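Novice: Quick one: the structure is below, questions incoming.
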Number of protein chains: 2
Amino acid sequence: MTMAFDHLGIATTDGAALAETFAALFDAPVVHEETFDGMAVRFLGLDGGYFELLEPADDGPIARFLDRNGPGIHHAALRTDDIDAALERARDVGVDLVDEEPRAGAWGHDVAFLHPRSTGGVLVEYVQHE
Amino acid sequence: MTMAFDHLGIATTDGAALAETFAALFDAPVVHEETFDGMAVRFLGLDGGYFELLEPADDGPIARFLDRNGPGIHHAALRTDDIDAALERARDVGVDLVDEEPRAGAWGHDVAFLHPRSTGGVLVEYVQHE
């Protein structure tokens, strides 16, 4: 089972403006855009991974995150080639899961979140491409 | 000038325990440990980058972050082969800098932080290896 950095999920109230800033600063152009779960989602390509800008339309978890914390880093995503094995291992290690089974995430990828109370306050997403 | 994901800085009250959890979950072993600025700093190797666990001894910015926010992601670091050019570009883009000039960071690397008010609430560190 492989495990590698994939992306940093960032909650924002203005994804278009932040995408412009990040493109100028980090050579990170928008490589994919979609509306997912009522959010405008932008993936910005970076050598070795992505920034995922999450701009909520109205309510939902990211809107609540913005209300509570303001804009900023929301989660860290690790890429694996076997998300079922990754979740099985997390259970073995005694980590609480947000998602017991993989579900469809942005970009059509299978994703599953670990609960931050088990991972030092870091919300971790596993993602399997293809 | 190159720009790539380097590491995720994580504030923690128990770096040893979190390192053990991350090693078991993510195949991310401790590859470097040091005391820096009164903090226990652990770098965990991950395919494509590092986790940097920051455990403050007493006071300082990370201790204050923990008081305010609890444990979790503190900053995102991008690796560049020309930190002076990266800072110059940040100035051109109109981004506020925490560090006007590179300074010595953990692992002996040159580092400089951008102010999160200019980068969507994300505290960004530039780091140059060597």
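Bear in mind these aren't lab numbers, they're just calculated from the coordinates by the rules spelled out. It should be emphasised that the depicted structure is a prediction, and the values quoted were computed from it without experimental measurement. Glycine gets a Cβ as well: all are built from the backbone with ideal geometry, and neighbour counts include every protein chain shown.
Novice: Looking at the range A:86-99 only, could you name the residues that are part of a loop (DSSP other than H, G, I, E, B) and within 29 Å of residue A:45 (Cα to Cα)?
Specialist: A:98, A:99
Novice: Give me the residue from the range A:94-129 that is surrounded by fewer than 18 Cβ atoms within 10 Å (Cβ to Cβ) and without any contact (Cβ under 8 Å) to a residue 12 or more places away in the chain and, out of that set, nearest to the other protein chains (Cβ to nearest Cβ).
Specialist: A:103
Novice: How about the range B:19-42: which of its residues are within 14 Å of chain A (Cβ to nearest Cβ) and either closer than 20 Å to residue A:6 by Cα or in contact (Cβ under 8 Å) with a residue 40 or more places away in the chain (or both)?
Specialist: B:19, B:21, B:22, B:23, B:24, B:25, B:26, B:27, B:28, B:29
Novice: Are any of the residues in the range A:81-91 without any contact (Cβ under 8 Å) to a residue 60 or more places away in the chain, within 14 Å of chain B (Cβ to nearest Cβ) and surrounded by fewer than 20 Cβ atoms within 10 Å (Cβ to Cβ)?
Specialist: Scanning the range A:81-91, I find at least one residue that is without any contact (Cβ under 8 Å) to a residue 60 or more places away in the chain, within 14 Å of chain B (Cβ to nearest Cβ) and surrounded by fewer than 20 Cβ atoms within 10 Å (Cβ to Cβ), so the answer is yes.
Novice: Out of B:32, B:75, I need the residue that is closer than 21 Å to residue A:69 by Cβ and assigned to a strand (DSSP E or B). Which one?
Specialist: Residue meeting the stated conditions: B:75.
Novice: How do the pairs read when you match residues in the range B:3-18 that are within 8 Å of another protein chain (Cβ to nearest Cβ) with residues anywhere that are of a type in the set (Ser, Thr, Tyr) and not in a strand (DSSP E or B), using Cβ under 6 Å and keeping only pairs 6 or more apart or on different chains?
Specialist: B:18/B:12
Novice: Additional query: What are the residues in the range A:1-29 that are acidic (Asp, Glu) and either part of a helix (DSSP H, G or I) or within 23 Å of residue B:51 (Cα to Cα) (or both), if any?
Specialist: Selection gives A:6, A:20, A:27.
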